[in-house]
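S.K.: Sharing a structure, written as structure tokens. Questions coming.
The values are calculated or read from the model by the stated rules, or taken from the named source; none is laboratory data. Since the model is a prediction, treat every value here as computed from it, not as a measurement. Don't worry about glycine lacking a Cβ; one is built from the backbone with ideal geometry, like all the others, and counts go over all protein chains shown. Side chains are part of the model used for accessible areas, which takes the heavy atoms of the whole protein and leaves out ligands, DNA and RNA. Shrake-Rupley method; radii C 1.70, N 1.55, O 1.52, S 1.80 Å.
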Amino acid sequence: QVQLVESGGGLVQPGGSLRLSCAASGNRFGIYIMGWYRRAPGKQRELVATITSAGVTNYADSVKGRFTISGDNAEKTVYLQMSNLKPEDTAVYYCYAKYSIRDYWGQGTQVTVSS
């Protein structure tokens, strides 16, 4: 079993920045992909960004150039630096980890972008 705990959400004005953090615990050393998804009100969950254990990153087109994913593979932590935030970035952000063929999810952290 893998447990994921997120932190760092909150309320920010448009154009502002936030940093999300996620730490994995439990049987974490088999994790080979970590990342972030989000679910906006009334919408399906969507990919934000992922990073592999080799450091290869992938971003949704909507966040390219504004968000940066990074991580510590040894510690199985992942971060999402979000800049130039827009109201449409408002969502619950979920940490994600892939271990073998299983997907694990955090409990989610709310990000609200509003003036």
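S.K.: Are any of the residues in the stretch 2-17 under 17 Å from VAL92 (Cα atoms), outside any strand (DSSP E or B) and hydrophobic (A, V, I, L, M, F, W, C)?
M.R.: The answer is no; no qualifying residue exists.
S.K.: Check whether at least one residue in the stretch 35-52 is charged (D, E, K, R), open to solvent by 30 Å² or more (accessible area, probe 1.4 Å) and either more than 15 Å from VAL111 (Cβ to Cβ) or touching a Ser or Thr at 6+ places or on another chain (Cβ under 8 Å) (or both), and report yes or no.
M.R.: no
S.K.: Among the candidates SER100, SER25, which residue alone is within 15 Å of GLU6 (Cα to Cα) and of a type outside the set (Phe, Trp, Tyr)?
M.R.: Only one candidate passes the filter, namely SER25.
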